[in-house]
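S.K.: Before we start, here is the structure in question, set down as structure tokens.
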Amino acid sequence: MLFDLMATVVAAFAAAGVALFMLRVLKIPFPKWIVPVAAGAAMIGYAIWAEYSWYGRMVAALPENVAVIEPAGQTSWWRPWSYAVPLRARFIAFDRDAVRTHPQMPQQRIVNVLLVGRWQGTVAVPVLYDCAAPRRADLVDGAAFADDGTVADAVWLKVPDDDPVRNAACEVG
């Protein structure tokens, strides 16, 4: 967040400097209010660019073994341009190499689901998916497979058949 604030201020000073250069050195007859307008436009332009490029930059920085589930776009009234092009401010991912299964329960997989948000820290949540039935169990306190392949204290929740995280987790392994 500090980087974005500093980059916004730098963009404003750069745009104001260009406007001043055009006014004073090149003697282009612009009105004097062009300097603060240029600074404000640069700040808004950088903020919009940073918001829309965040998702692509984050996904590009992830290792190849991390599967990213495409998020739906978000709209908000304080970002009126997001109604034209929805914004991606969070997404779900998981590490394909960290998927755990048990030989006696091959249809069940423990996956570390990563919840990534724009102005939030990344949270890793272990989740148990059942590929034979549309259900999952959030393993908040952590869990492991027992010798017989079961997971103790798993509270199963029903998920839709087309749940993208479950389907991606079940494709692995």
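S.K.: Would you please put 104-113, 160-169 in order of how densely packed they are, using the mean number of other Cβ atoms within 10 angstrom per residue and starting with the highest?
M.R.: Values: 104-113: 18.2, 160-169: 15.3.
Per-residue mean Cβ counts within 10 Å order the peptides as 104-113, 160-169.
S.K.: Another question, if that's okay. Got a number for carbon plus sulfur as a percent of the chain's accessible area, 1.4 Å probe?
M.R.: Values: 6980 of 10830 Å².
The C+S portion of the solvent-accessible surface of the chain is 64 percent.
S.K.: Sticking with this structure for a sec: Report the residue, chosen from Leu26, Leu114, Leu157, that carries the largest GNM mean-square fluctuation when the chain is represented by alpha-carbon nodes joined by springs under 10 Å.
M.R.: Result for the chain, Cα springs under 10 Å: Leu26 fluctuates most.
S.K.: With every protein chain kept in place and ligands, DNA and RNA left out, what is the accessible area per residue of the range 102-173? Probe 1.4 Å, answer in Å². Mind showing how you got there, number by number?
M.R.: Details: 4060 Å² over 72 residues.
Counting only protein heavy atoms, the per-residue value for the range 102-173 is 56 Å².
S.K.: Something else about it: Considering the values (i) 82, 27, 24; (ii) 50, 48, 37; (iii) 47, 34, 31, which represents Cα extents along the principal axes in Å as calculated for the structure under consideration?
M.R.: It is the value labelled (i).
S.K.: Got a sec? Charge dipole of the range 42-115, +1 on Cβ for Lys and Arg, -1 for Asp and Glu; which of Tyr46, Phe91, Leu62 is way out at the positive end?
M.R.: Toward the positive end, the furthest listed residue is Phe91.
S.K.: What ranking of Thr101, Thr8 comes out by heavy-atom accessible area, probe 1.4 Å, highest first?
M.R.: Largest accessible area first, the list is Thr101, Thr8.
S.K.: Positive end of the charge dipole of the range 99-173 (Lys, Arg +1 and Asp, Glu -1 on Cβ, about the Cα centre): tell me which of Asn167, Ala133, Gln120 has its Cα farthest that way.
M.R.: Gln120
S.K.: How many angstrom lie between the Cα centre of the range 120-169 and the Cα centre of the range 23-80?
M.R.: Result: 37 Å between the Cα centres.
S.K.: Right, something else. Extending each Cα 7 Å along its Cβ direction at Tyr83 and Asp162, get the distance between those two points in nm, one decimal.
M.R.: Result: 2.7 nm between the two label points.
The values are calculated or read from the model by the stated rules, or taken from the named source; none is laboratory data. What you see is a predicted model; the values in this text were computed from it and never measured. In this analysis, Cβ positions are derived from the backbone assuming ideal geometry, glycine residues included, and neighbour counts consider all displayed protein chains. Side chains included, ligands, DNA and RNA excluded: accessible areas come from the protein's heavy atoms. Shrake-Rupley method; radii C 1.70, N 1.55, O 1.52, S 1.80 Å.
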